[in-house]
Amino acid sequence: MNTQFYAQQQQPQQNGWPAQSFGQQQQPQQQTNGFANGGQTNGFANGPAGGFPPQGQANGFGNGFNSPPVNGYGQFGAVGGGFGHQQQQQNGVAPQNGFASRSESDNQAGYITKGFGGYNPNLANGTPINWSNQANGSESMEKQLFNRTSSGINFDNYENIPVDVSGENPPEPINDFAEANFHEWIKENVEKSGYAKPTPVQKHSIPTLLGNRDLMSCAQTGSGKTAAFLLPIINHILNNGPDAVKQATTATNGRRTYFPSALVLSPTRELAIQIHKEAAKFSYRTNIVTAILYGGRENYREQVNRLRGGCHILIATPGRLIDIIEQGWIGLAGCQYLVLDEADRMLDMGFEPQIRKIVNNGMPPKTNRITAMFSATFPKQIQVLAKDFLKPDYVFLAVGRVGSTSENIEQHLLWVEEIDKRRTLMQIIEQDDRSSLVLIFVETKRGANELAFYLNRQNCRAVSIHGDLKQFEREKNLELFRHGTYPILVATAVAARGLDIPNVRHVINYDLPNDVDEYVHRIGRTGRCGNVGKATSFFNDKNRGIGRELMQLVQESNQEVPDFLRRVAAEGRINIPRQPNRRFGGVDHRRGVSTRPGQFNNSYIHGANGIAAAQGFNNGFSIPANGFGMPRPMPQNGFMQNGMGGFPGARGGFSNPSMGRGGMNGGFSNGFSMQRMNGFGQPPFAGKQQPIDHWQAPAN
Ligand SMILES: Nc1ncnc2c1ncn2[C@@H]1O[C@H](COP(=O)(O)OP(=O)(O)OP(=O)(O)O)[C@@H](O)[C@H]1O
């Protein structure tokens, strides 16, 4: 699919980026999405890019591409044109399957909910379903669902990744999918997905969950964790047949409450959408019904309506789920499987109260359900918290070094002063391979808009994604990026976790995050499933706090460490005892060993000076997402008494958990500036303008 698209992109080029023609672009979008979408079209067609009057959809698109958007949203005019055009083309998917999109919310999440053999409006009424008959499928649906992404040349290297399993009697790993003894229909779907053999996390997680054990599973980004939890759940539900789902009930006000059998929680909306699609893929032509609930004002009613068909597997973001539970549409009394994807994020302070609320809202106790947690990073404090949700004999699985990056990702760190960032970015983009996608992370929503605007002015087609956009804008921009229509996505942390976008070959940290776990997730958007990728990060004085951990990480991933980073890391080593270099940094906390060197030993924190406060942020709290400012009670942690500089910022940062890490970053920055005032206010490199040779360490 992408090959075709990029071949088309090799049109006469304008200003360095392939010139676009909408006629050429529509085809791949139509093939890959396939969803007709009516509701959005008008809105977008009437709101052309950069305020240019619409001259028919194709013209609208053209304007969007070639004209700098006035407000950073100008690209949406183009989007509307595209989708509207798609509708006119009538690709035939909607009529066949009965799920023509009717509103904005139907686009990404909705198009897979119905019509995949699983939808049965009588399910919740207890009308018997014949679970022994495979449901019908269709070629067009298969095309939508099984748009295979091939595993990369380094896929076989996964075999050599060390795996650490602990817990009582962990089950033997499977060596191939046949050993899993999946239901025949699942086998078909695995095959259709092009999965020839399981990845290491799948080899261990699948038998664990099939064996009804709880699981905490840590594996590198892009290593197949989604299938590792979805396949066993789908298998359980299929084998349980009609008993898999608890009957719906009717309240006195006539409202019916539906009881999903499995609940998968995701920290971001886009990740929920992606997991939902994967769930539909693996349950294709089964009687299993999947549903999704995620935030965004415009899609509320549509999502609720979809629930009326009942649902076996519900994928949700916490806030929207709580809302729907409180409205009485969903009950969790039948929930036999609970998965927290990106579990460390789900249990950090932004989300933890919501997760507790969900779990304590009539869900069977942990002894009566199977609970699984997955992430690429799993700080010890989060592991400790996670115990509340897991049976004591849960299996702990660490594939590779937890919190580490894949060696498939080539990492570059450049010293770039703030003032030079745009210039440097343009240099990089100009040198980049034009046939692949570039994902740029910035710290703030405003920064994302501004940079996307700037790039468009430079004739580099960029869209943005962040928490200030309407949900349909977020989804559309992501799709435009995914399909290469806009090959650059400028994102805040909302895009850092879980998103699986083939052909992202370069992740650029225009602004580095404040903790290394976030860095791991961000750069993990490339180099997935054995493919190779590149990550470039701009480093300057503002990032000193992350320096030491970043150096360790880069070193451990066998990447070149620039001189400046060594120097920054050496400064940060004051008072910090060297941690043992463990091959398995991530270990079961029940063994009492740290997950990342430096994270759990707080004894070195001396908040009286700024350096120590900085280390409090970066090392004292190994829950980077929530560690700043609002630590969990850890009296031994010096930061509580000393590192108060971060407190106000952290409060600000957490004030809107739904903003995700964008908000937290803000909080962190505040704390961070305090650190600079105290400890790093006079860094040796401060104020020196460097020529744009970022590989060189700045002179002292
Ligand atoms: N056994 C397999 N064979 C081939 N491809 C696979 C296999 N398992 C998963 N994949 C593919 O690998 C890619 C990454 O998988 P997935 O998104 O589940 O990774 P992840 O570990 O959840 O990543 P992250 O930590 O970023 O959330 C997906 O495109 C998926 O389809």
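For this structure, a couple of remarks:
- Some residue of region 399-422 being touching a Ser or Thr at 6+ places or on another chain (Cβ under 8 Å) and more than 28 Å from Asn154 (Cα to Cα): yes
- So Val201, is it aliphatic (A, V, I, L, M), in contact with a strand residue (DSSP E or B) (Cβ under 7 Å, 6 or more places away or on another chain) and either more than 10 Å from the ligand (Cβ to nearest atom) or open to solvent by less than 10 Å² (accessible area, probe 1.4 Å) (or both): yes
- Look at region 383-404: where a residue is open to solvent by 10 Å² or more (accessible area, probe 1.4 Å) and modelled with pLDDT under 90 and a partner is not aliphatic (A, V, I, L, M) and not in a helix (DSSP H, G or I), sitting 6+ places away or on another chain with Cβ atoms under 6 Å, you get Arg401/Gly585.
- The number of residues in region 162-198 being hydroxyl-bearing (Ser, Thr, Tyr) and within 13 Å of the ligand (Cβ to nearest atom) comes to 2.
- Hey, Ala316 over 17 Å from Met346 (Cβ atoms), open to solvent by less than 10 Å² (accessible area, probe 1.4 Å) and aliphatic (A, V, I, L, M) or not: no
- Selection of region 153-198 for residues being open to solvent by 40 Å² or more (accessible area, probe 1.4 Å) and β-branched (Val, Ile, Thr) yields Ile153, Val163, Val165.
- All strands (runs of 3 or more DSSP E) inside region 300-398 with 3 or more residues being within 18 Å of the chain's Cα centre (by Cα) and under 30 Å from Asn169 (Cβ atoms): 337-341, 370-375
- Selection within region 209-226 - of a type in the set (S, T, N, Q), within 16 Å of the ligand (Cβ to nearest atom) and at pLDDT 95 or above: Ser217, Thr226
- Taking the criterion of being open to solvent by 20 Å² or more (accessible area, probe 1.4 Å), closer than 14 Å to Ile523 by Cβ and touching a Leu at 6+ places or on another chain (Cβ under 9 Å), the only residue of region 547-564 that qualifies is Gln559.
The values are calculated or read from the model by the stated rules, or taken from the named source; none is laboratory data. Since the model is a prediction, treat every value here as computed from it, not as a measurement. Cβ coordinates were reconstructed from backbone atoms using ideal geometry, including for glycine residues, and neighbour counts include every protein chain displayed. Surface accessibility is based on the protein's heavy atoms, side chains included, excluding ligands, DNA and RNA. Shrake-Rupley method; radii C 1.70, N 1.55, O 1.52, S 1.80 Å.
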